[in-house]
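Everything on this sheet refers to the single structure shown next.
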Amino acid sequence: MLKNIFKKKQEKEDRKSILITALLIHAAKIDDNYTIKEKEIIKKALIDLKLIEPNEFDRLLNKAEIKEQDSNQIIEFTKEIKKTPMEFRFKIIEILWKIIYSDDVADNYESNLIRRICGLIYVSDKDSGEIKLKVKN
């Protein structure tokens, strides 16, 4: 029974990590230029957020890429983030801005995606703008 409890908890944590990673991948792919640099930003972010150990990244990335490819909406990806403390949500927005600015350009599609995600996870435009300035500088 105790083993079942730990297994369910692990599955829930894996699902959360996959969904967050899928969202980050979606942001990286929105400009049709999914780069190694963006993958490195995603890897570092997931490790910093303590969602994975470094040796787990490739496995998680593969699962999340499939999830992102099979999904046609970002609502599923943001559901778990919405349940987290505001500080965690700010970190997700910061990571998204880092991914977007990894090529030094934020086009209209990328900016629109950030606004949509902010609305879904209840982060204000003001907070997103402050985070964006922090990332740009």
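The values are calculated or read from the model by the stated rules, or taken from the named source; none is laboratory data. Just so we're clear, the structure is a prediction, and the values are computed from it rather than from any experiment. Don't worry about glycine lacking a Cβ; one is built from the backbone with ideal geometry, like all the others, and counts go over all protein chains shown. We work out accessible area using only protein heavy atoms, side chains counted, and drop any ligands, DNA or RNA first. Shrake-Rupley method; radii C 1.70, N 1.55, O 1.52, S 1.80 Å.
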- Message: Angle check, please: helix 57-70 long axis (alpha carbons) against the longest principal axis of the chain (alpha carbons), in degrees 0 to 90, nearest 10.
- Response: 70 degrees
- Message: Sorting check: for 128-134, 71-77, which peptide has the highest mean count of neighbouring beta carbons within 10 Å, and how do the rest follow?
- Response: 128-134, 71-77
- Within the accessible area of segment 47-137, what % is carbon and sulfur when the probe is 1.4 Å and the other protein chains stay in place? 48 percent
- Task: Rounded to the nearest 10 degrees, what's the angle between the helix 108-121 long axis and the longest principal axis of the chain, both from Cα atoms, 0 to 90?
- Result: 50 degrees
- Message: For the pair Asp104/Ile75, report the inter-label distance in nm, with labels modelled 7 Å from Cα in the Cβ direction.
- Response: 3.9 nm
- Message: Quick check: residue separation of Ile47 and Tyr34 times 0.36 nm, minus the Cα distance between them. What number comes out in nm?
- Response: 2.7 nm
- Over segment 1-132, calculate the relative contact order: mean separation of alpha carbon pairs under 8 Å at least 6 apart, over the residue count, as a percent. 32 percent
- Rounded to the nearest whole Å², what accessible area per residue is found for segment 23-137 with the 1.4 Å probe? 58 Å²
- Be a star and scan segment 78-116 for residues whose amide nitrogen sits under 15 Å from the point 7 Å along the Cα-to-Cβ vector of Lys16. 78-92
- Item | Degrees between helix 2-29 axis and first principal axis of the chain (Cα, 0 to 90, nearest 10) | 20 degrees
- Take the eigenvalues of the Cα gyration tensor for the chain, scale each by 5, and report the square roots as semi-axes in whole Å, largest first. 25, 17, 14
